[in-house]
Amino acid sequence: MNSCQKYFFTCLLGIAALLGGASPAFAASSAPSLGTASSFAVLSAAPGGGGAVTCTDSTITGDVGSSGFPASVVQTRCTITGAVIAPVSAGVLADFNGAYNALAGQSCDQFLIGTLADITLTPGVYCFAAAATLTGTLTLNGGTNDTWLFKVGTSGTGALTGTNFSMVLNDSASACNVTWWVAQAATMTDSDFKGTILAGAAITATGTAGSPPTPFEGRALAKAAVTLTDVAFVGCEGGSLGGTAHPKCNQGVGNGPEGCDPGNSNQGNPLRSNDELGGVPGAPGRQGGNK
C-alpha cells in the first residue's frame, strides 16, 4: 500500500469514528421530559427541603411528593390513593427543575391575551407575556398524540389565575398532553382544570365547600408549596410535555384554511388571523408585473 492509499484509509477511519461517536453538537433534540418526576400527581419541589403539601377535604389519585420531611405532607379529611414520598430524592428534584428550565426555552407559536373564554385552540405553543387571568371555557381540539404548551410570564414574571374556568378536550385529546409552564404562582378557584402545571412558585386549587369536589386532571408540580382544598385530583400517567408545532403557513391566498396564522399576524388576538378561515379564494398577485 503506497503513502496515498495509507493516507486515504486513515481519513476514512477518522470520519467513521466521528460519525459513530456521540457528539453533543450533532445530537438530535428531544422533547422535554419529567424523568423520575413524572410519577407524581402532586409535587412540592421547594429548594432546601422546604417542600409542603396541604390537602383538605380532597382526594388525590396518584403519588404525592415533597422535598420536606414526612410531616410536610398534611392531610385533613384527605384521601390519597398512591404513595406519599417525603423527602423525594435529589434525582426527582433535578428532573423537575430540568424539565421546568427546558420548557422555559421553548419558542412560542402565538401570544395570547384575554381570558380565553369561548376560545378553541389547536395543538401548539401558546404564550402570555405576563400574567394570565382565565375565566369561561377553553376548548382544545386535537388527537391522541397532539400536545399543547401554555407559557405564562415569558417576559420574566407572571402568575396563572383561573376563576370559574373550565377546559373541554374534544376528539381524543388528552389532559396528560397539556402543559402549563408558569413563571410564578398558579391559583385555580372553582375551576375544572386539565393539564400538568409546572410553577415557579406555589400552586393552589380550591373548590366550593359543601359542594362536590372540583375536578383537576393532570399534575401539580411546584417550586414551592401545593395546597388543595375541596378538589378531586386525578393524576396523569405518561403523557408528553411541550407543544406540537403548527404546520407551515402559505402566506399567499387562494389556498383555503390552513389552521395557522402566517407571520403571527393576529398581533396576539387568537380570534383574528390572515389565514383564509372560510376558504374563500383570493387573487394571487398581479399578472404581467407592475405597470
*Has the range 160-180 got any residue that is in contact with a Pro (Cβ under 9 Å, 6 or more places away or on another chain), open to solvent by less than 30 Å² (accessible area, probe 1.4 Å) and not in a strand (DSSP E or B)?*
yes
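Looking only at the range 84-102, count how many residues are assigned to a loop (DSSP other than H, G, I, E, B) and either crowded, with 19+ Cβ neighbours inside 10 Å or in contact (Cβ under 8 Å) with a residue 60 or more places away in the chain (or both). Break it down into steps so the answer makes sense when it comes.
In the first step, residues of the range 84-102 are kept if they are assigned to a loop (DSSP other than H, G, I, E, B); the result is 86-89.
Subsequent filtering for residues that are either crowded, with 19+ Cβ neighbours inside 10 Å or in contact (Cβ under 8 Å) with a residue 60 or more places away in the chain (or both) retains 86, 88.
So the answer is 2.
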*Among (1) under 16 Å from Tyr126 (Cβ atoms); (2) outside any loop (DSSP other than H, G, I, E, B); (3) in contact with a Gly (Cβ under 9 Å, 6 or more places away or on another chain), the one test that Phe233 misses*: (1)
*Please find, within the range 48-71, the residue that is farthest from Cys236 (Cα to Cα) out of those that are surrounded by 24 or more Cβ atoms within 10 Å (Cβ to Cβ) and among the β-branched types (Val, Ile, Thr).*
Val53
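Mind listing whichever residues of the range 123-137 are free of Cβ contacts under 8 Å to residues at least 60 places away in the same chain and either outside any strand (DSSP E or B) or under 15 Å from the mean Cα position of the chain (by Cα) (or both)? Steps first, answer last, please.
Taking the range 123-137 as the starting set, the residues that turn out to be free of Cβ contacts under 8 Å to residues at least 60 places away in the same chain are 127-137.
Cys127, Phe128, Ala129, Ala130, Ala131, Ala132, listed by residue number.
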*Please verify whether the range 115-122 includes one or more residues that are part of a strand (DSSP E or B), open to solvent by 50 Å² or more (accessible area, probe 1.4 Å), at negative phi and of a type outside the set (Gly, Ala, Ser).*
yes
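Hey, can you tell me all the residues within the range 143-158 that are open to solvent by 10 Å² or more (accessible area, probe 1.4 Å) and either closer than 20 Å to Ser174 by Cβ or out of contact with any strand residue (DSSP E or B) (no Cβ under 7 Å at 6 or more places or on another chain) (or both)?
Step one: of the range 143-158, the residues open to solvent by 10 Å² or more (accessible area, probe 1.4 Å) are 143-147, 154-157.
Hits for the range 143-158 are Gly143, Thr144, Asn145, Asp146, Thr147, Ser155, Gly156, Thr157.
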_Any pair with Cβ under 7 angstrom, 6 or more apart, that starts in the range 33-61 at a residue that is in contact (Cβ under 8 Å) with a residue 40 or more places away in the chain and farther than 21 Å from Ala99 by Cα and ends at one that is open to solvent by less than 10 Å² (accessible area, probe 1.4 Å) and among the aromatic types (Phe, Trp, Tyr)_ = Ser58/Phe233; Thr59/Phe233; Ile60/Phe233; Thr61/Phe233
*If you scan the range 192-213, which residues turn out to be free of Cβ contacts under 8 Å to residues at least 60 places away in the same chain, within 18 Å of the chain's Cα centre (by Cα) and not in a strand (DSSP E or B)?*
Ala201, Ala202
*Residue among Val42, Val74 that is at pLDDT 95 or above, closer than 16 Å to Thr229 by Cα and open to solvent by less than 10 Å² (accessible area, probe 1.4 Å)*: Val42
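Which of the residues spanning the range 89-113 are of a type in the set (Val, Ile, Thr) and touching a His at 6+ places or on another chain (Cβ under 8 Å)?
none
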_Index of the failed condition, Ser107 passing every other in (1) part of a strand (DSSP E or B); (2) out of contact with any Leu (no Cβ under 9 Å at 6 or more places or on another chain)_ = (1)
*With (1) surrounded by fewer than 22 Cβ atoms within 10 Å (Cβ to Cβ); (2) among the small types (Gly, Ala, Ser); (3) modelled with pLDDT of 95 or more as the list, and Ala186 as the residue in question, which single condition is left unmet?*
(1)
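The values are calculated or read from the model by the stated rules, or taken from the named source; none is laboratory data. Bear in mind the structure is a predicted one, so any value in this text is a computation, not a measurement. Neighbour counts are summed over all protein chains in view; Cβ atoms, including those assigned to glycine, are modelled from backbone coordinates with ideal geometry. Just so you know, the surface numbers come from the protein's heavy atoms only, side chains and all, with ligands and any DNA or RNA stripped out. Shrake-Rupley method; radii C 1.70, N 1.55, O 1.52, S 1.80 Å.
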